[in-house]
Every structure is written in structure tokens, then in C-alpha cells.
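The values are calculated or read from the model by the stated rules, or taken from the named source; none is laboratory data. The model shown is predicted, which means the values in this text are computed figures rather than measured ones. FYI the Cβ positions are ideal-geometry reconstructions off the backbone, even for glycines, and counts take in every protein chain you see.
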Amino acid sequence: MVKSTLLIGSLCISNTLAFAPPTSIISTPTATTTTSSCLHASSEAQYDCLVIGGGISGSTLAHNLNNANLNILLAEQRDYLGGNVQSVVHTDEDGSEFIFEKGPNSYATQPSIVRISHELGIDDQLVFANESLPPWVNHNGKLHPLPKGQGGKGPKGQIELVFGPNGVLKFGLAGDLLSWPGKIRAGIGALLGHMPPPDNKEETIKEWVTRILGEEVFFRIIDPFVSGVYAGDPTTLSMKAALPKISRIEDYSYGIEWNKFGAIFYGGLARQVELTKERKADPPKPEWVDFEYGNPGSYKRGLGTLPNAIYEKLGSDVVKLEWTLTKVEKEGDTYVVTFDTPNGQQTVTSKAIVSTIPTHAMGSSLEPVLPGSTDLFTKERQIINRKGVYYPPVAAVTLAYPKKAFKDIELSNDFGNLQNLPGFGLLNPRTEGVRTLGTLWSSSLFPGRCPEDYNILLNYIGGSRDPEIGSMPEGDVIAAVDKDLRKVLLQANAPEPKVLGIKVWPTAIPQYELGHLELMKELESMESNVEGGGIWICGNYRSGVAFPDCVTFGYEHAKVVKEYLDKK
């Protein structure tokens with residue numbers, strides 16, 4: 001087959017503020033390495049597939065299409081690959097290194113990540129957290145550990161295990177995070193049954209959890225996790241769209257003949273049995289490194305290691321940085337795509353197109369081939385029942401403090417002293433009056449992130465319930481985070497923080513709000529109406545916001561593109 005594929009990258013807008021040089025961003029090479037070959041992608045060459053957007057979804061898709069021996073082009077508006085993934089090495093004057101992230105901090109390990117790391121030759125850089133250490137919840141001025149072991153494998157795994165065979169019992173009956181009335185209510189929903197779902201009504205996350213397990217489980221456990229994963233509002237997020245795997249557990253429950261009242265525990269047990277069978281049917285390859293499903297993971301020098309390795313493998317002839325999409329047209333069976341580039345306007349042709357750019361960056365570029373797409377993905381979405389996908393602002397604030405600045409207290413369940421930060425991180429329910437959504441204990445998760453006498457804290461603040469963060473001066477954002485840390489983790493006389501970095505993402509995480517599934521059906525209908533097909537509008541607003549979801553998308557959608565091209 002003639003080799004031809006064009007990939008178009010992530011177009012999210014970002015602002016960067018570097019603190020205390022020397023500092024180096026290690027995510028990917030910049031566009032200065034690509035200008036000599038820009039004319040390679042001219043209208044004289046036709047590609048098999050053009051990928052638009054070089055975030056994790058687009059770059060991993062490009063990797064897989066390249067491995068399938070297709071001729072591809074990956075176009076990205078920014079001057080690096082990776083989207084919101086940016087890893088930074090900060091070096092003090094004394095040579096001390098601090099490694100931190102400006103976006104996602106880690107991933108819940110899945111086979112797709114281990115596989116792509118092996119294929120790129122970076123599996124020796126993989127690092128995994130101690131899975132026995134828990135995440136913590138701040139409630140009533142005290143830190144409460146969430147179940148360790150199976151339940152202690154990151155926020156997403158924790159949410160799922162709330163509804164599994166062990167999770168409900170542990171959350172409902174162990175510890176003092178829930179009151180006794182809250183425990184009894186959760187136990188009834190878990191083991192006896194609950195009200196059936198309403199007819200002809202799409203439930204929010206809050207409505208679903210409250211109906212099944214009660215308000216305490218929602219406010220003290222689920223609400224902070226939703227803030228940590230989506231930076232979203234569970235009163236507007238759709239349960240079926242945002243947490244589909246958990247939502248389906250209720251279907252499993254009612255599918256058990258004798259479970260007339262849908263006790264959720266038994267649905268979780270059925271799902272665990274099915275999941276075990278699925279994993280046995282498709283086990284990890286023996287040449288891959290050993291891993292635990294869902295365990296928090298990263299790379300020794302940060303998550304940016306992955307997109308950087310993809311750039312190094314594909315090269316500047318395939319990856320085009322600082323290419324901004326302006327228009328997509330169709331001539332017969334060929335797509336004609338125009339970009340603004342550092343070398344002026346460039347036009348490329350391709351048999352197929354996969355766009356992974358966020359909806360807020362599309363504008364009217366797809367209108368010639370997808371009439372109505374401009375209105376479908378308007379930027380102005382702020383309230384339910386309007387078109388578009390809402391991306392609220394989120395700030396990632398990385399601060400470092402000496403270990404001795406933390407409270408000198410022994411944590412419950414023999415986890416050790418708080419000064420050593422034994423765990424994944426800290427989540428703050430909105431009921432606690434703390435503005436920071438959550439704090440990841442970065443230097444406790446992975447080795448070598450900072451000097452031994454320091455702790456690094458990556459704090460997320462903002463989201464759909466606090467959009468003012470997007471317009472606040474960065475100094476005020478840092479002050480707000482420091483104030484919250486002094487309430488929960490630090491001693492009263494703690495010194496001022498070492499500010500390693502702040503990144504304000506004006507359009508951070510897509511919100512899967514009520515009506516999202518219908519919106520995706522409209523988009524699917526638009527795609528299917530394009531004569532001859534060969535165009536896919538994808539991204540984390542469609543396939544999942546988590547890092548592993550984006551990597552898995554790269555594998556799965558490459559099969560779809562390859563099948564289409566083979567038929568042509």
C-alpha cells in the first residue's frame with residue numbers, strides 16, 4: 001500500500017510562567033527543529049491519513065498508524081507534542097533537582113501504556129507508586145485514608161471500587177469518615193437494594209450516587225473524587241457519560257435474577273468476575289514489564305517522556321509543530337487541508353483525517369465538510385442545555401516545602417508520620433471550605449523528584465465550580481493554595497513555599513454534562529453523512545479524559561483507520 005497518513009494535533013491555548021531559572025521543559029522538542037522540512041507536506045504529496053492534534057490521543061494514534069506502515073502526517077498548533085502534558089526539571093543554584101508536572105501528574109496503569117512504552121524503548125523509565133499507600137480525604141479537620149490494597153490504586157480506581165465487592169463495605173463500615181446513619185444507608189444500598197432509576201430522565205452523578213448509597217457517601221467520598229478527575233460539578237455531570245463503567249454496574253445488578261432490588265454490591269461482584277475473564281483472555285505480553293492494573297504510574301523524568309519519545313521516533317518529516325488548522329475541504333475522495341505555519345500557508349491532501357483537537361479550538365474549520373459543526377461546538381457553553389462542550393479553567397500549582405514544615409503527627413492505620421506524606425495525595429470535599437480541589441504528593445509517589453528533605457505538592461484549583469481562577473493574578477492563585485495547605489497539612493510557622501511552577505489552563509478538562517451523549521450522537525451523524533467517509537472527529541471529550549483512555553484510543557482507533565484504508 002502507498003504510505004500516506006496525516007495527523008492533526010491538540011489546539012488548546014496555554015500560558016506558561018517559568019519560576020526561578022534555570023528550568024527546562026522536557027516534554028518535547030520545539031518547532032525550531034522542524035522548519036527545514038515544512039515544504040515536505042505540500043499539496044504535491046498525498047497522505048493515507050492526516051492526524052490533527054498532537055496531544056496524547058493524537059500522538060499515540062500517529063505512533064500506531066506509523067507502525068502500520070502508513071504514510072502519515074501529524075500537525076500540532078503548539079511547539080511541542082503532549083497537549084496538557086508538560087514535565088519540567090528545575091535546578092537550584094546548588095544543583096538540587098526538582099521534577100514536576102504542569103498538567104496531569106500520573107496515570108492509573110493500563111496495558112496500553114506499558115505496551116507503548118515497550119514499543120518506544122522507554123519501558124525502563126517506567127515507575128510505579130507503592131499501591132498499598134492510600135489517597136486521603138480531608139474531613140472535619142482530619143485526614144481519613146481510603147481503602148488500601150485493591151482500593152488504593154488512584155482516584156479512578158477508588159471511585160470504581162466504591163461500587164465493587166470490597167469497596168462499598170470498606171467505605172460503609174470501616175473508619176470514621178461516615179457517620180453510623182451514613183454507614184447504614186450505604187450498606188442498605190449496597191447489600192439490600194435501592195430505588196430504581198427514574199424513567200426517561202438522565203441522572204447526574206449526584207442523583208445516581210445519592211439514590212443508591214446516600215448523601216454522605218456522595219459528599220464525603222464521590223464529590224471530591226469527581227473534582228479530582230474532572231474538576232467538575234457532579235450536579236451537572238451526566239452519570240452515564242462521565243462514569244459509564246460505574247453506571248453499568250447497576251445494569252449488572254438488575255441482571256441478576258434473584259437480585260430484585262438491584263443491590264449494587266452484587267453487580268460489582270459480577271463485573272469483577274467478567275473483568276477477570278477479559279484480562280485472562282488478553283494477558284500482558286511476557287516481554288512487557290510487570291505492572292498492577294490501576295496502580296499510579298509515571299516515568300522517571302515525568303509524563304512528558306512519552307510524547308517526547310514519539311516525536312523522536314516519528315521525526316520532523318512526520319511531525320509538524322506550530323501548524324494551525326484553518327480549513328478542511330473535500331475534493332472527490334480526497335481531503336484538502338490548509339494550515340497556517342511558520343513558513344506561511346501550507347496545503348496537504350489525505351485519504352483520511354482524524355482530528356483530536358478540542359472542540360473549543362475547532363471554530364469554523366470543519367464547516368465545509370461537516371455543515372453545522374461550528375454551532376455544534378460553540379465555545380460559549382456555560383450552562384446546561386446549550387450546545388457545545390464546556391472546558392473550565394484549572395490551575396496546576398506546584399509548591400515545595402521542607403519536610404519539617406509539615407505537621408508532626410502520626411496518621412491512622414499505622415501509615416506513619418505526616419511529614420513523610422505516605423500516600424497518593426489529598427482530596428478536599430467542597431463541604432470543607434477549602435478552595436483547592438486536591439493535592440498530589442508527587443515526591444512521595446515517585447522517587448527522585450526532589451531532595452530528601454523536601455516534599456513536592458502538585459495542587460489543582462479551579463474547575464467548573466470555581467471558574468474565577470482563570471482570571472485571577474497568578475500570585476493570588478498561589479496564595480490561595482498556600483492558605484489551604486496551612487489549614488490541612490502545614491505547621492503554623494511553616495516557611496513561605498518554594499514556587500516551582502504555576503500553569504493556568506484556561507480550557508482544561510472537557511465536562512461530560514447532561515446532554516453530552518446526545519451531542520456525541522449528533523457528531524457521529526455528521527461524520528456518517530460525509531460521502532465516502534474517512535473523517536473522524538475525536539478527542540478526550542469523546543473517548544475519556546484520563547491519560548490511559550487517550551493512549552488506548554491511539555491503539556483502538558488506528559485499527560479503524562487501517563480497516564477503512566484497506567477497503568479503499
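Listed by first and then second residue, the pairs linking a residue in the stretch 403-430 that is touching a residue at least 24 places away in the same chain (Cβ under 8 Å) to a residue that is part of a strand (DSSP E or B) and among the hydroxyl-bearing types (Ser, Thr, Tyr), with Cβ atoms under 6 Å apart and 6 or more places separating them unless they lie on different chains, are 425/439; 426/439. Here residue 216 meets each of (1) among the acidic types (Asp, Glu); (2) touching a Gly at 6+ places or on another chain (Cβ under 9 Å); (3) in a helix (DSSP H, G or I); (4) surrounded by fewer than 19 Cβ atoms within 10 Å (Cβ to Cβ) with one exception, condition (4). Residues of the stretch 418-446 that are among the hydrophobic types (A, V, I, L, M, F, W, C), touching a helix residue (DSSP H, G or I) at 6+ places or on another chain (Cβ under 8 Å) and closer than 16 Å to residue 403 by Cα: 421 alone. Scoring residue 562 on the criteria (1) within 28 Å of residue 244 (Cα to Cα); (2) modelled with pLDDT under 95; (3) not hydrophobic (A, V, I, L, M, F, W, C) leaves a single failure, condition (2). Of all residues in the stretch 290-316, those satisfying the criterion of being closer than 23 Å to residue 66 by Cβ and not small (Gly, Ala, Ser) are 299, 303, 305, 306, 307, 308, 310, 311, 312, 313, 314.
Within the stretch 111-139, the residues that satisfy the criterion of being of a type outside the set (A, V, I, L, M) and either in the same structural domain as residue 409 (by TED's automatic domain parsing) or at pLDDT 95 or above (or both) are 111, 112, 115, 117, 118, 119, 121, 123, 124, 125, 128. When residue 292 is tested against (1) among the acidic types (Asp, Glu); (2) out of contact with any strand residue (DSSP E or B) (no Cβ under 8 Å at 6 or more places or on another chain); (3) not assigned by TED's automatic domain parsing to the domain that holds residue 343, just one condition goes unmet, and that condition is (2).
For every residue, the table says whether it meets (1) assigned by TED's automatic domain parsing to the domain that holds residue 450; (2) out of contact with any strand residue (DSSP E or B) (no Cβ under 6 Å at 6 or more places or on another chain); (3) modelled with pLDDT of 95 or more; (4) not in a strand (DSSP E or B).
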| position | (1), (2), (3), (4) |
| --- | --- |
| 63 | no, yes, yes, yes |
| 70 | no, no, yes, yes |
| 73 | no, no, yes, no |
| 79 | no, no, yes, yes |
| 82 | no, yes, yes, yes |
| 95 | no, yes, no, yes |
| 100 | no, no, yes, no |
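Being at pLDDT 90 or above and surrounded by fewer than 21 Cβ atoms within 10 Å (Cβ to Cβ): is that true of residue 233 here? Taking the combined requirement at face value, the residue does not satisfy it. Does the stretch 84-93 contain at least one residue that is in a loop (DSSP other than H, G, I, E, B), surrounded by fewer than 24 Cβ atoms within 10 Å (Cβ to Cβ) and of a type outside the set (S, T, N, Q)? Yes, the conditions are met somewhere in the stretch 84-93. Under the condition of being in contact with a helix residue (DSSP H, G or I) (Cβ under 7 Å, 6 or more places away or on another chain) and of a type in the set (S, T, N, Q), the residues counted in the stretch 275-314 number 1.
When you scan the stretch 365-376, do you find a residue that is more than 23 Å from residue 73 (Cβ to Cβ), acidic (Asp, Glu), in the same structural domain as residue 536 (by TED's automatic domain parsing) and at pLDDT below 95, even just one? So far as the stretch 365-376 goes, yes, one or more of its residues are more than 23 Å from residue 73 (Cβ to Cβ), acidic (Asp, Glu), in the same structural domain as residue 536 (by TED's automatic domain parsing) and at pLDDT below 95.
Would you check which residues across the stretch 232-287 are in a loop (DSSP other than H, G, I, E, B) and either within 30 Å of residue 115 (Cα to Cα) or not assigned by TED's automatic domain parsing to the domain that holds residue 213 (or both) and list them?
Within the stretch 232-287, 243, 282, 283, 284, 285, 286, 287 qualify.
With respect to being part of a loop (DSSP other than H, G, I, E, B), modelled with pLDDT of 95 or more and either under 19 Å from residue 403 (Cβ atoms) or not β-branched (Val, Ile, Thr) (or both), residue 449 fits the description. The residues in the stretch 520-548 that are of a type outside the set (A, V, I, L, M), out of contact with any Cys (no Cβ under 9 Å at 6 or more places or on another chain) and not in a loop (DSSP other than H, G, I, E, B) can be counted, and the count is 11. The residue pairs whose first member lies in the stretch 270-286 and is closer than 20 Å to residue 257 by Cα, whose second member is assigned to a helix (DSSP H, G or I) and of a type in the set (Val, Ile, Thr), and whose beta carbons are closer than 7 Å, counting only pairs six or more residues apart or on different chains, are 271/249. Here residue 486 fulfils each of the conditions (1) assigned by TED's automatic domain parsing to the domain that holds residue 354; (2) out of contact with any helix residue (DSSP H, G or I) (no Cβ under 9 Å at 6 or more places or on another chain); (3) of a type outside the set (Ser, Thr, Tyr) apart from (1).
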